[in-house]
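Single-structure report; data block below.
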Amino acid sequence: MMRILMSGKIFLVVLFLLSNALYVEALSIYDIQYTEDPTGDSPLVGQTVDCAGGVVLHKFLGGKTKLAIYDPANPSGWGGIFAVTTGTEFAEVEVGDVVSFTSMLVEEYRGNTQLVYGPGSAFSKLSTSALPSPLVVSPSDIAYPVDAGHSSELYEAMLVQVQDVTVAALDQGKNADNYALQNVNGTCWATDYYIGAELGGATYHPYVQAGAQLDSVTGIIEQYTRNEWDYYQLCTRTINDVVVPEPVSILLLGVGGSLICRRRRGR
């Protein structure tokens with residue numbers, strides 16, 4: 001009888017150890033994104049991971065469906081990541097959903113760390129959440145040109161805002177659809193390509209004109225690295241992400257917002 005009891009105890013211990021060995025804790029966005037590599041690449045590139053995820057900040061429909069996911073546990077940096085699929089898996093996902101992922105491939109695409117949905121991948125909608133306020137940064141924090149250490153990398157896929165800026169130049173970047181925002185602290189680049197449909201295919205938000213003074217511009221940070229290009233861009237999510245001083249706003253509304261906006265070039 002004693003031998004049977006001992007065998008049973010040993011079996012339970014072995015079963016416990018095996019179950020712990022098989023259990024893989026989901027990684028946080030920080031675990032996947034944080035890097036000291038000056039290129040900004042995730043140390044987990046090429047690995048398949050489970051991710052605890054976060055709240056969906058934005059959903060972009062293009063050649064791929066792209067979600068910008070935010071973890072409120074890291075509001076000052078390394079708290080955002082993109083999740084992408086070429087299929088229809090994210091069709092029912094909405095901004096404000098809290099989602100987690102399993103068996104997602106970590107990939108670097110044009111400078112951005114992203115979780116790629118593939119065979120065996122899955123995601124769960126856990127709840128919904130209010131969106132966070134944007135993190136206020138200086139243009140120098142997401143500066144153009146990029147510094148050698150890619151110090152803007154910690155803001156990738158996060159919702160940020162620059163304030164009290166002037167539109168210093170248009171027709172910047174690979175697709176000539178970026179615009180430079182400048183104040184005494186530095187210069188950064190922004191783009192309205194996320195909201196092209198909302199703008200009726202125009203390249204720029206109606207308030208974005210050379211020399212225009214803007215109270216604030218809010219958006220998701222993306223990196224664009226391809227061929228000779230390497231820059232970070234603040235991507236507006238809605239037409240409300242560009243805010244001008246009140247008298248200017250009233251004037252533009254008074255003339256029906258009838259501004260000449262450049263037509264979008266192919267992306």
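We did not get these values from a lab; they are worked out from the coordinates using the rules stated. This structure is a prediction, so every number in the text was calculated from the model and none was measured. Here Cβ is always computed from backbone atoms with ideal geometry, including for glycine, and neighbour counts include all displayed protein chains.
Points to keep in mind about this one:
- Footprinting exposure proxy for Thr113, Thr86 (fewest neighbouring C-beta atoms within 10 Å first): Thr86, Thr113
- The charge dipole of the stretch 39-157, taken about the Cα centre with unit charges on the Cβ atoms of Lys, Arg (+1) and Asp, Glu (-1), comes to about 240 debye, rounded to the nearest 20.
- Virtual paramagnetic centre 7 Å along Cα→Cβ of Glu198, amide N under 18 Å, in the stretch 124-154: 130-135
- Whether the stretch 68-140 is rounded, prolate or oblate, judged on the alpha carbon gyration tensor where a/c under 1.5 counts as rounded: oblate
- Cα gyration tensor category, rounded, prolate or oblate, for the stretch 124-169 with a/c compared to 1.5: oblate
- For the stretch 195-201, 3J(HN,Hα) per residue [Karplus equation, 6.51 cos²θ - 1.76 cosθ + 1.60, θ = phi - 60°, Hz, x = Gly/Pro]: 10, x, 5, 5, 8, x, x
- Comparing Cα centroids, the stretch 126-170 and the stretch 27-87 end up 15 angstrom apart.
- Rounded to the nearest Hz, the phi-derived 3J(HN,Hα) couplings of the stretch 35-42 under the Karplus curve 6.51 cos²θ - 1.76 cosθ + 1.60 (θ = phi - 60°) are 8, 9, 5, x, 6, x, 5, 5, where x marks glycine and proline.
- Positive contributions from Lys and Arg (+1) and negative ones from Asp and Glu (-1), summed over other residues with Cβ under 13 Å from the Cβ of Leu27, come out at -4.
- Cross-link reach list, aspartates and glutamates versus Lys59, counting only Cα pairs under 12 Å and skipping chain neighbours closer than eight places: Glu92, Glu94, Asp97
- In nm, spacing of pseudo-spin labels at Glu108 and Ala122 (7 Å Cα→C-beta vector): 3.1
- Karplus-derived 3J(HN,Hα), 6.51/-1.76/1.60, for each residue of the stretch 44-55, Hz, glycine and proline x: 9, 3, x, 9, 9, 9, 9, 10, 5, x, x, 8
- Built amide H within the under 5 Å cut-off of Thr238, gap 5+: none
- Full-stretch length increase - Asp37, Asn185 - with 0.36 nm per residue and alpha-carbon distance subtracted: 50.7 nm
- Amide hydrogen neighbours beyond the local backbone of Leu126, cut-off 5 Å, H modeled: Val98, Val99, Ser100
- Paramagnetic label zone (point 7 Å from Cα along Cα-to-C-beta, Thr48; backbone N under 16 Å) in the stretch 106-122: 106-107, 115-122
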